[in-house]
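Trainee: What follows is a structure written as structure tokens; I'll ask about it next.
Values quoted throughout were computed directly from the atomic coordinates according to the rules given, and no laboratory measurement underlies them. Keep in mind that what you see is a predicted model, and the values were worked out from it rather than measured. Because the Cβ atoms are built from the backbone with ideal geometry, glycine has one as well, and the counts that use them run over all protein chains shown.
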Amino acid sequence: MRGRLLLGCAAVALLCLSLSSPVAADTNQTVRIAKISIPGVPLTSFDISWTDPTTSKYFLADRSNKSVDIVDMRSNEVIGQVGGFIGFTGNNDTSGPDGVVTTSHDELWAGDGDSTVKVIDLRGPSIVAVISTGGKKRADEMIQDGVDNLVAVANNADDPPFLSIISVGTRSVTHKILFPDATDGIEQPAFDPATDLFYLAVPATEAHPGGEIAVIDPHTGTVMNRFVLPACVPHGLVLGPGHNMLAGCNGSVHTVVFDDTTGAITGDFPQTGGGADEVWYNPSNGTYYTAANVLQRLGVIDANRPVFVQNVQAGVNSHSVAADSVSNHIFVPISAPDPSCPRGCIAVYAPVPGSVTSP
């Protein structure tokens, strides 16, 4: 079933928001405080990252080492690497691991290049189950619905691309949603427990080349609505405070915030640059982070107002970001060969008191 189409914001209004977005001053500035070396071969290919603040662990989809890397966020050290993934094949569409998400403090799910989801018992750690999504290419980005104990997994490179909804309890696919009108795959899903709905970044469709956000009922597997994002080409997507969501745009040098109940755009930030494959919200300090690899920047946005705060220099292929809500540290993997990380690394950032400066 295809729901009604809502135009989240006219292009003119979007431009006005872009020009009027204020810049915060005299607030905490974000600085790089450490870098984490990765065992094995140089880090040249990686994808999504995730944190579990309760266990103080950070997880990285490391294609170079065909593993999910586990980092202790207190010591900034790699404490484990779970192998058994395809690795980088020369084509992102068939490489893995890809998306990662924890379904509990003891379990992590990771997409792989052969259209499977590997279930990792973190007490081992080891792969304890393999779930097929029924495609031919990678099972990519994913998110958990903690209300209904489901996981949404995007097969972005299949033709047509599709979203699988999988039960965590039974580890079986409950719904498969096709997107035949998507012309550039599908990207990051998000979940809002207040609406009990999934939201999916669709970079481009035949009707709207600037992209849409699909609103999906996890119980029926139907697309209930679509919000249009003019000139965005959304990739990264994350739930912020209230019903606000941040979409990282890949087709232009900006990032947008919209209301997930109406589709109305409430903030637009051209300062962050484009190419934000993953975006993050830290509820502890009320901050959005964007990993914009086009300009190799870590973007910092005050989520509560919302206003742009700062850009911080990142590095080569810096498209992945995750934050720890306990320490407020931010983790950004950087590919080799970067001047600051010749073999690749995970750069660690932290907010510190002081006036903000941006590159």
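Trainee: Can you name the residue in segment 31-53 that is within 20 Å of the chain's Cα centre (by Cα) and among the polar types (S, T, N, Q) and is also surrounded by the most Cβ atoms within 10 Å (Cβ to Cβ) among such residues?
Mentor: Per the criteria, the residue is Ser49.
Trainee: Would you tally the residues in segment 223-258 being part of a strand (DSSP E or B), touching a residue at least 40 places away in the same chain (Cβ under 8 Å) and either on the phi > 0 side of the Ramachandran plot or not hydroxyl-bearing (Ser, Thr, Tyr) (or both)?
Mentor: Here the count works out to 20.
Trainee: Any residue that is under 27 Å from Ser252 (Cβ atoms), of a type in the set (S, T, N, Q) and part of a loop (DSSP other than H, G, I, E, B) - is there at least one of those in segment 186-205?
Mentor: Yes, some residue in segment 186-205 is under 27 Å from Ser252 (Cβ atoms), of a type in the set (S, T, N, Q) and part of a loop (DSSP other than H, G, I, E, B).
Trainee: Right, another one. Inside segment 76-129, counting only strands (runs of 3 or more DSSP E) that do not spill past its ends, which hold 2 or more residues that are touching a strand residue (DSSP E or B) at 6+ places or on another chain (Cβ under 6 Å) and over 27 Å from Gly185 (Cα atoms)?
Mentor: 77-82
Trainee: Does segment 30-53 hold any residues that are polar (S, T, N, Q) and closer than 17 Å to Trp280 by Cβ, and which are they?
Mentor: Thr30, Ser49, Thr51
Trainee: Picking from Thr220, Thr170, which residue would you name as being more than 24 Å from Ser320 (Cα to Cα), out of contact with any Cys (no Cβ under 7 Å at 6 or more places or on another chain), free of Cβ contacts under 8 Å to residues at least 24 places away in the same chain and in a loop (DSSP other than H, G, I, E, B)?
Mentor: The conditions single out Thr170.
Trainee: OK, next. Against the condition on the phi < 0 side of the Ramachandran plot and assigned to a loop (DSSP other than H, G, I, E, B), how does Ser49 come out, does it pass?
Mentor: No; evaluated as a whole, the condition is false for this residue.
Trainee: Of all residues in segment 302-315, which are touching a Gly at 6+ places or on another chain (Cβ under 8 Å) and without any contact (Cβ under 8 Å) to a residue 60 or more places away in the chain?
Mentor: Asn311
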